[in-house]
1. Which of Met138, Met146 comes first, and how do the rest follow, when ranked by fewest Cβ neighbours within 10 Å?
2. Under a Cβ-only charge scheme (Lys and Arg +1, Asp and Glu -1), can you give me the dipole magnitude of the chain about the Cα centre, in debye to the nearest 20?
3. Using a Gaussian network for the chain with springs between C-alpha atoms less than 10 Å apart, which of these wobbles most: Tyr349, Tyr140, Tyr261?
4. Under a crude label model (7 Å from the Cα following the beta-carbon direction), how far is Lys98 from Ser14 in nanometres?
5. Using Cβ counts within 10 Å as a stand-in for footprinting exposure, how do Leu46, Leu17 rank, fewest first?
6. What are the aspartates and glutamates whose alpha-carbon lies under 19 Å from the alpha-carbon of Lys358, with same-chain residues fewer than 8 places away excluded?
7. Not counting the cut sites, what is the longest span of the chain without GluC sites (Glu not before Pro) that DSSP labels loop and that have at most 15 other Cβ atoms within 10 Å?
8. Over region 51-149, what is the relative contact order in percent, taking alpha-carbon pairs closer than 8 angstrom and at least six residues apart?
Amino acid sequence: MNPTTTSLDTLFQSYKLGGLTLPNKLVMASLTRIRCDPKTGIPTDLLAEYYSQRASAGLILTECSPVAHNGNSLLGAAAIYTQEQVEGWKKVTDAVHKKGGRIYLQIWHAGRAADPKFVGEETLSSSAIAIRSLRKNMPYAQPKEMTKEDIEKVLEQFKQGALNAKAAGFDGIEAHGANGYLIDQFLKDGVNHRTDEYGGSVENRCRFPLQVMDILIEVFGAKRVGIKLSPVGRFQDMYDSDPVPLYTYFLQELDKRGVSYVQLMEPNEGYAGELFYDKGDKQIAEVCKTFRPHFKGTIIINNNLTPETAAKAINEGYADLASFGKYFISNPDFVERIKNNWPFNEWDYTTFSSGGEKGYTDYPFYKAD
């Protein structure tokens, strides 16, 4: 994997985002690498080293950080609901800031994607509908349909998580509203079958997600708040029958609130075992292009990008920043490698979600011969 000689100058221009000046337009996407103790979710010195190695990114987005134990489907992710976790995150933000970087916490609740066998508690969703899978040896538990009291409790958990993130020194916060997690479970009608004010119409299905966003805005201010969305994402049995009006309304409401950015996932590859084994591109072929007219703030394009396709999206005006995952995993100096036309390290899929230092902090920085 080597960068081409195509002009990529736009990627290295500075960019104003929510009171921050980003030195470039390359964002490190959220990458949940499962390197914490699954019982405590406390960030360690290893995480501080990992994130600070990548401080040259215009912006770092952390792994998804759960606001509650029963909202965690990725045990080993760094969490944000205890004081011990806050202290661990302080090490991370301090290390990144010392290197001159900028870092947002991605705040998260997994909803029905969490497994009650592992978390030891019942799991929650917009409706009592389990994730369906073609893998018969991997049945998912049926979640509890959230009551009004459950909704209020989870909103309080998001608020405390945001307060904890602020105390931990994060520059801002991103809600995880993609990939089949709780916010996504309220948005999409393939899961949300409610008949109260949280279900049915587009406006009702957006109610809980907007309440979460209002809480994050209350804590951080709109200019330090973003959200990640996957309008045609299929992961974890997700589907909406008509995503264009749904996300048009949602983005217009976010625009009214003045949130800093929306990170939009382009159609994804299919996943083995998923019922909806397609990319979603038959519904929306180009997500950022489709929704650009409905959101005046910053749009971050995400999913299966190369430096060249990212630069093209930005130059054509349907995105302002671009987020990368695998390239940042395997290249702590990804920004410098693009800028200098240096070759990229190959990534190792087998260490994406396990391995301690291996495949985490041991990828080499480029050294000239």
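1. Met138, Met146
2. 400
3. Largest GNM mean-square fluctuation: Tyr349.
4. Inter-label distance under the simple model: 2.5 nm.
5. So the ranking, lowest neighbour count to highest, is Leu46, Leu17.
6. The reachable aspartates and glutamates, counting only those whose Cα sits under 19 Å from Lys358, are Asp37, Asp45, Glu49, Glu63, Asp333, Glu346, Asp348.
7. The reported range is 1-120.
8. Relative contact order comes out at 29 percent.
Bear in mind that the values in this text are calculations on the coordinates, not laboratory data. Predicted model, so just to flag it, every value in this text is computed and none were measured. Positions of Cβ are generated from backbone atoms using ideal geometry, with glycine treated the same way; all protein chains shown enter the neighbour counts.
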